[in-house]
Structure formats: C-alpha cells, structure tokens
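Visitor: Supplied in structure tokens, the structure appears directly below.
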Amino acid sequence: LGAALADWPLWYADWMDGQLVEKGRQDMRQLALRLASLFPALFSRENYGRLRLITSSKHRCVDSGAAFLQGLWQHYHPGLPPPDVADMECGPPRINDKLMRFFDHCEKFLAEVERNATALYHVEAFKTGPEMQNILKKVAATLQVPLNDLNA
C-alpha cells in the first residue's frame, strides 16, 4: 500500500502554488453566471459599465477577477468568446492591496481580531446591528437594487 500511495499520480504540481488552475477559472465564470441570474437588478446590462472589481495583487486573485468578468461577458453575450478583460466595458479588476489585504499591514487587526478569541462575537453583533442596516441601505441606494436583495 505504501508503494502504491508513493506512486499515486497527483494532479497538483508545485508550480501551481499561488496560481489559478483551469478548474478555478471555470468556477469563477460559473459563479458570475449564477450571480447574474440570481441578482438581475445588480448585474443588469445597464449596470455592467458601472461594475468595478477590486483585487489583491496575488496572481490567483487577479486571474479570478478576470475569469469572473469573462463569465459576466458570457451572460451578456451568449455564444460569443469574451475579449481580453482590458477591452471590456467595465475594465479589468483594479489592484488594491491596502483594501484587499489589509490584514497584512495592520497590527491593530492582528492584535484585536486575529489573536482575539471574542472577535467573532463582535462580528455577529455588527452584522445584526443598526450600523449594518445603514450600510445595507447605502449600498442598495448606490447600486440601485432593492434593499431586500442584500444582507450582511
């Protein structure tokens, strides 16, 4: 058994570390199609040009955003191959590590959240509190979607 396991062919290779493999690309394209179907007001054709994706600088994240946009392209243009994301109406995902990887740069986050056993209690309290309701109202108004289509 040990010899058989040692010779077992793995689909994952070391070079794939940090990369988005084809299965991940497919998943992101399909996620875009599902979200566009589930939230037609948010992902309407009229809103497509206003769509802005933000990503970290990690290659897998950048590639995930591009694959998501390709999925949206498929939703709007069934049967047509997607163009390069730089040529899409909404533009390519924008890199913003300060926003998307804040935890890498914030000692306060590391001390008060990562190493804090009670932090999740505060997260749940925030999700159900008045602050989150105000955020949801603002997001719904900005995105021009019904408030009941959003949740924490």
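Visitor: Using Cα springs under 10 Å in a Gaussian network model of the chain, which residue among Gly49, Gly91, Gly71 shows the largest mean-square fluctuation?
Guide: Gly49
Visitor: By how many nm would the segment from Gln26 to Leu143 grow when fully extended, if each residue of separation counts as 0.36 nm and the alpha-carbon distance is taken off? Please list the in-between numbers first.
Guide: Working: separation 117, 0.36 × 117 = 42.12 nm, distance 2.66 nm.
Stretched fully, the Gln26-Leu143 segment lengthens by 39.5 nm.
Visitor: For the chain, please report how many Lys pairs fall under 21 Å Cα to Cα, leaving out neighbours fewer than 8 apart on the same chain.
Guide: Numbers: Lys23/Lys58; Lys58/Lys98; Lys98/Lys108; Lys108/Lys127; Lys127/Lys137; Lys127/Lys138.
Lysine pairs meeting the criterion: 6.
Visitor: Could I ask something else about it? Which of rounded, prolate or oblate describes the stretch 84-152 when judged by the alpha-carbon gyration tensor and an a/c cut-off of 1.5? Don't skip to the end; give the middle numbers.
Guide: Values: a/c = 3.53, a/b = 1.22, b/c = 2.90.
In terms of gyration-tensor shape, oblate.
Visitor: Then there's this: Go through the stretch 71-85 residue by residue and turn each phi into a ³J(HN,Hα) via Karplus (6.51, -1.76, 1.60, θ = phi - 60°); whole Hz please, and just put x for glycine and proline.
Guide: For the stretch 71-85, the Karplus curve yields x, 5, 4, 4, 5, 7, 10, x, x, 9, x, x, x, 4, 4 Hz.
Visitor: Compare Met100, Met88 by solvent-accessible area with a 1.4 Å probe and give them largest first, with all protein chains kept in place.
Guide: Working: Met100 80, Met88 10 Å².
The most accessible residue leads, giving Met100, Met88.
Visitor: Another question about this same structure. Please report the accessible area of Phe126 (heavy atoms, 1.4 Å probe, ligands and nucleic acids excluded) in Å², nearest 10.
Guide: 90
Visitor: About the Cα centre, and with charges only on the beta carbon of Lys, Arg (+1) and Asp, Glu (-1), how big is the dipole of the chain? Nearest 20 debye, please. Don't jump to the answer; show the numbers that get you there.
Guide: On the way: 17 positive and 18 negative charges, 104 e Å.
Around 500 debye, computed over the chain.
Visitor: From largest to smallest, what semi-axes in whole angstrom does the chain give when each is the square root of 5 times an eigenvalue of its alpha carbon gyration tensor? Intermediate results must be reported in sequence, preceding the final value.
Guide: Details: eigenvalues 186, 152, 49 Å².
Each semi-axis is the square root of five times an eigenvalue, giving 31, 28, 16 Å.
Visitor: To continue, here is another question. Given a Förster distance of 25 angstrom, what is the FRET efficiency for His59 paired with Thr128, based on the Cβ-Cβ distance and rounded to 0.05? Walk me through the numbers before you get to the answer.
Guide: Details: r = 37 Å, r/R0 = 1.46.
That pair, His59 with Thr128, gives E of 0.10.
Visitor: Would you mind counting up the charge near Glu89? Only other residues with Cβ under 12 Å from its Cβ, with Lys and Arg at +1 and Asp and Glu at -1. The partial results should precede the final answer.
Guide: Numbers: positive: Arg45, Arg50, Arg52; negative: Glu46, Asp87.
Neighbourhood net charge equals +1.
Visitor: To the nearest 10 square angstrom, how much accessible area does Arg50 have with a 1.4 angstrom probe?
Guide: 110
Visitor: Moving to a separate point now. Run the Debye formula on the Cα coordinates of the stretch 1-41, all scatterers equal and no solvent, and tell me log10 I(q)/I(0) at q = 0.16, 0.32 1/Å.
Guide: Once normalised to I(0) and log-transformed, intensities are -0.62, -1.00.
Visitor: So, with +1 on the Cβ of K and R and -1 on the Cβ of D and E, and no other charges, what is the size of the charge dipole of the stretch 19-71 about its Cα centre, to the nearest 20 debye?
Guide: 60
Visitor: Tell me, what is the per residue accessible area of the chain in Å², probe radius 1.4 Å? Walk me through the numbers on the way to the answer.
Guide: Values: 10900 Å² over 152 residues.
Here the residues of the chain average 72 Å² of exposed surface.
Visitor: Let me ask something additional. Any chance you could list the semi-axes, whole Å, largest first, of the equivalent ellipsoid that the Cα gyration tensor gives for the stretch 62-118, using √(5λ)?
Guide: Working: eigenvalues 266, 30, 9 Å².
Largest first, the stretch 62-118 gives 36, 12, 7 Å.
The values are calculated or read from the model by the stated rules, or taken from the named source; none is laboratory data. What you see is a predicted model; the values in this text were computed from it and never measured. Cβ coordinates were reconstructed from backbone atoms using ideal geometry, including for glycine residues, and neighbour counts include every protein chain displayed. Just the protein is used for accessible areas: all its heavy atoms, side chains included, with ligands, DNA and RNA removed. Shrake-Rupley method; radii C 1.70, N 1.55, O 1.52, S 1.80 Å.
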